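The values are calculated or read from the model by the stated rules, or taken from the named source; none is laboratory data. Source: prediction; values computed, not measured. Reconstructed Cβ throughout: ideal geometry from the backbone, glycine too, with neighbour counts over all protein chains shown. Heads up: the accessible areas ignore ligands, DNA and RNA and are worked out on the full protein's heavy atoms, side chains in. Shrake-Rupley method; radii C 1.70, N 1.55, O 1.52, S 1.80 Å.
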Amino acid sequence: MTETEHVVDVLVIGSGGGGMTAALAADASGLDTLVVEKSAYFGGSTALSGGGIWVPGAPAQRREGYAPDPDDVVTYLRAITEGLVDEARLRQYVAAAPRMMEFLEQTSTWFEFVWKPGYADYYPELPGGSELGSTINVPAIDLRELGDEEQHLLAPLALAPKGIWLGPKDLRLFYQVRQSWRGKAVLVKLLWRMFRARVFGDRMAAIGQSLAARLRLAMLERDIPLWLDTPMTELITDGSGAVTGAVVHRDGAAQRITARRGVILASGGFDHDMAWRKQYQPVLEQDWSFGNPLATGDGIRAGERVGAATELLDEAWWFPALCWPDGRLQFMLNERMMPSQFIVNGNGERFINEAAPYMDFAHAMIAGQQSGITHIPCWLITDQRSFHRYVVAGHLPIPKVPGAPVPTGRRIPQAWLDSGVVKAANSFEELAAAIGVPPEMLRRTANRFNELAAAGHDDDFNRGDSVYDNYYGDPTLPNPNLHPLGKPPYYAFQIILGDLGTSGGLRTDEHARVLRADGSVIDGLYAVGNTASPVMGRSYAGAGATIGPAMTFGYVAAQHLSVGRRLLGTQTPNQSGGNP
């Protein structure tokens, strides 16, 4: 062996939730495991996420006395994926996801998983759907626990002031700051957290940051090596086409890594490769992805070069968003569930239940755009009452607080109006002119919406009928999602087509093995997370439906290669699937 060679049992490429879970599972099986990461930071898109993990039947649920029937969950997934996903993959996910979480809890005390019922599945009315939900979270953690590794955790794209962090349950209450005392209590809690951070040096992190930190701490406990700044450049195959390792670039030189058991690709999607995205997703106008900045499809391309098939490259984990002039993206989630608002296309018409799951909402934007009517962008229309009552685009509906880290006060920030992302007017006709839609149509849409809202039911799009719709609505109203718009001024917020990352990728089987177009297995190669075609198809089961499958199939891949594949013998490897 030369200085440029390295031998392990398992090589994991990527350090997000799927990659780190795979590494922990492989190591627990007694396999010498190495994780390589292209970035100077670990965590991937998991570290940038809401940190939820969708796992029906998780131990955290069972501890609370709730155990969804696995067959019902499969029925639910079968319905939302509409035949696009192999039955064996669906059943593997439902069976293995709880085992994955149980494994992690037994592996390290850093793993604390909690379930707080109430965040419903995204289609709770479908057979097998749950109004209680199956989103599992981790508590906040002080990042000082990471020691020197804290500097290597991928930080959120928009950093909050010190001490400002919200857990998933806090967030819902925070949006009710004007509707309930519990919402006001969260605001007080935030002030206390800011005080502690400044006085005691707390560096608390929640959601995806906490999940990524806990996975890394568990790896450190087990001395699993992680090489940062180490991009994979190509896969190595033997004469049979089996993958036997990879070439990486480290410390300025190419290095060959032999993986005696297998390679697990967990390097993410092609979120920020705009040339590739426009090839498969031509409706995209620019890079509006919330995904890992270095996710450019390396693993998918490497798999294709050794014969792998791909699926659903036209898909992403779409998420309607605001895009400010400086390029900063902001989720448009709770606003779409607010009562006094509706969303219009370029014709000034509503086109979907505004509170629909974000994938459905974005699919409606895409379909509308392809019909020739402008839907990207579309516009959320609301009024002054809503601005004074609800959290809108991060603005807190409380009296002006000088120096506050977020906008406050009764007046809409002038910077918003100057940006062009937000328009204000004293009539719907004037607002229509500002956003370029037919004035008579916007007036007609507003009148129709107000008529439906006053009656308490959205006869046109059934907004508010689903328990999911209600989650961020106003609990003080008979229909939490409906209230007429009142007096001007009226406001319009421009909504673009964002995403949490691409979701299409390499075709895999129920063991996460990568497949060729003819369905044959590429021996020694596995793919998980956004590098693999999604087990959710074109849908999204509930909060955490990206991270849940990534971690689950990382665990499944490690389990399979630990028992199902022979160690490499004396075959001479070639790079990129060349002839022997």
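Which listed residue (G57, A266, G554) has the Cα farthest towards the positive end of the charge dipole for the chain, taking +1 on Lys and Arg C-beta and -1 on Asp and Glu C-beta about the Cα centre? Ranked along the dipole, the leading option is G57. In summary, the helical segments of the chain meeting the span-like criteria, namely a full DSSP H run, a Cα extent along the axis of 15 angstrom or more and a mean Kyte-Doolittle hydropathy of at least -0.5, are 17-28, 70-81, 87-107, 181-200, 207-221, 358-370, 547-564.
Sorting V55, V188 by accessible area puts them as V188, V55; the probe is 1.4 Å, largest comes first, and only protein heavy atoms count. Take the Cα of V563, step 7 Å toward its Cβ, do the same at D142, and the gap between the two points is 4.1 nm. Taking all protein chains together, R78, R350, R336 sort by accessible area into R78, R350, R336, largest first [probe 1.4 Å]. The phi torsions of segment 261-271, fed into the Karplus equation with coefficients 6.51, -1.76 and 1.60 and a -60° offset, translate into couplings of 9, x, 10, 10, 7, 9, 9, x, x, 10, 3 Hz, rounded to whole numbers, with Gly and Pro shown as x. Remark: spin-label model distance E131-H249 equals 5.5 nm, labels positioned 7 Å along the Cα→Cβ axis. All other residues whose Cβ lies under 15 angstrom from that of H388 are scored, Lys and Arg at +1 and Asp and Glu at -1, for a net of +4. Residues whose amide H lies under 5 Å from that of A532, counting only those 5 or more places away or on a different chain, are L506; hydrogens are built 1.01 Å from N in the peptide plane. Using only Cα coordinates, the Kirkwood hydrodynamic radius of the chain works out to 24.7 Å. A crude spin-label estimate for the pair A517 and R385, with each label 7 Å from Cα along the Cβ direction, gives 5.9 nm. When the charge dipole of the chain is built from unit charges on Cβ atoms (+1 for Lys and Arg, -1 for Asp and Glu) and taken about the Cα centre, the candidate among A28, S210, F361 whose Cα reaches farthest toward its positive end is S210. When the Cα centres of segment 123-141 and segment 79-118 are compared, how far apart do they sit, in Å? Cα centres, segment 123-141 to segment 79-118: 12 Å. All C-alpha pair distances within segment 59-159, sorted into 10 Å bins from zero, spread as 13, 34, 30, 19, 4 percent across the bins.
Considering all C-alpha pairs of segment 319-499, those separated by over 21 Å amount to 46%. Given a 1.4 Å probe and the protein chains as shown, M204 ends up with an accessible area of around 70 Å². Residues of segment 301-341 falling in the label zone of D418, defined by backbone nitrogen less than 13 Å from a point 7 Å along Cα to beta-carbon, are 325-326. Among L477, P438, G346, pick out the residue whose Cα is farthest towards the positive end of the charge dipole of the chain, where Lys and Arg carry +1 and Asp and Glu carry -1 on C-beta, about the Cα centre. Among L477, P438, G346, the one farthest towards the positive end of the dipole of the chain is L477. Taking Cα centre as origin and charging only the Cβ of basic (Lys, Arg, +1) and acidic (Asp, Glu, -1) residues, the dipole magnitude of the chain rounds to 1620 debye. When DSSP beta bridges are restricted to pairs lying wholly in the chain, around 70% turn out antiparallel. The loop-placed trypsin sites (Lys or Arg not before Pro) in segment 369-439, going by DSSP, that have at most 16 neighbouring Cβ atoms within 10 Å of their Cβ come out as K400, R410, R411.
Note on L157: accessible area approximately 100 square angstrom, rounded to 10, probe 1.4 Å, nucleic acids and ligands left out. Summing +1 for each Lys or Arg and -1 for each Asp or Glu among the other residues whose beta-carbon sits under 10 angstrom from that of M338 gives -1. Computed over neighbours whose Cβ is under 9 Å from that of G504, the net charge equals -3, Lys and Arg +1, Asp and Glu -1. Estimated at 0.36 nm per residue, the fully extended path between A404 and W227 surpasses their Cα-Cα distance by 59.8 nm. Helix-only arithmetic for the chain: the sum of -39500 (n - 2.57) across DSSP H runs with n ≥ 4, divided by the residue total, places the mean residue ellipticity at 222 nm at -9500 deg cm²/dmol.
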